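Visitor: This structure is in structure tokens; I'll ask about it shortly.
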Amino acid sequence: MGFLSKLFGRGGNETFNEQGYFPKEPEPAPAETERKPLAEDENFTIRPAQGQGYDKQAVTDETNRLMFELMLLDGAFESKQMGEPYMLPPHEQRAAIPVAAQGGLDIGDTDVYLSQLEKWIAEARARFLVRIRRNAYGIFIMAV
């Protein structure tokens, strides 16, 4: 052990980097943060994947399909409120999104975003349900 090593409290086995300093201890990786559900007016960013992730084009196609279905449901609901004829768009199950070998979009972020879009679609479809109930007097009531 040399004089400087004793002075700075280091053993004699360290090597210096290009700037002449002792190498830093590696910083721990940041913990993966859980994404919370979206508010309707909140911006959301789907981060790029570190390693494998969903194919970007497939995510874009699925997002466009869900947004289009949501827009059609909103238009149908406005037509219903004005007393005009309307037609509900068919509901399709979410297609499996292929995983890209390298890169792509973060799987967790994409799943949160797409599930939130599906939740909004389910809420929009629920506005069209008509419930029939019987009250205490045996009269049927339609609730919209």
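Visitor: Kindly list, by first and then second residue, each pair from a residue in the range 44-61 that is assigned to a loop (DSSP other than H, G, I, E, B) to a residue that is of a type in the set (Val, Ile, Thr) and buried (at least 18 other Cβ atoms within 10 Å of the Cβ), limited to pairs with Cβ atoms under 6 Å and residues at least 6 apart or on different chains.
Guide: Close Cβ pairs satisfying both conditions: Ile46/Thr110.
Visitor: Taking the range 62-92 as the region of interest, how many residues are surrounded by 12 or more Cβ atoms within 10 Å (Cβ to Cβ) and part of a loop (DSSP other than H, G, I, E, B)?
Guide: Of the residues in the range 62-92, 3 are surrounded by 12 or more Cβ atoms within 10 Å (Cβ to Cβ) and part of a loop (DSSP other than H, G, I, E, B).
Visitor: What number of residues within the range 93-111 satisfy the criterion of being in a helix (DSSP H, G or I) and surrounded by 18 or more Cβ atoms within 10 Å (Cβ to Cβ)?
Guide: The qualifying residues number 2.
Visitor: Among the listed residues Ala101, Ala124, which satisfies the condition of being touching a Leu at 6+ places or on another chain (Cβ under 7 Å) and touching a residue at least 12 places away in the same chain (Cβ under 8 Å)?
Guide: Ala124
Only the coordinates and a few stated rules stand behind these numbers; no lab work does. Values in this document were obtained by computation on a predicted structure and should not be read as measured data. Please note: Cβ atoms are built from the backbone with ideal geometry, for glycine as well, and neighbour counts cover all protein chains shown.
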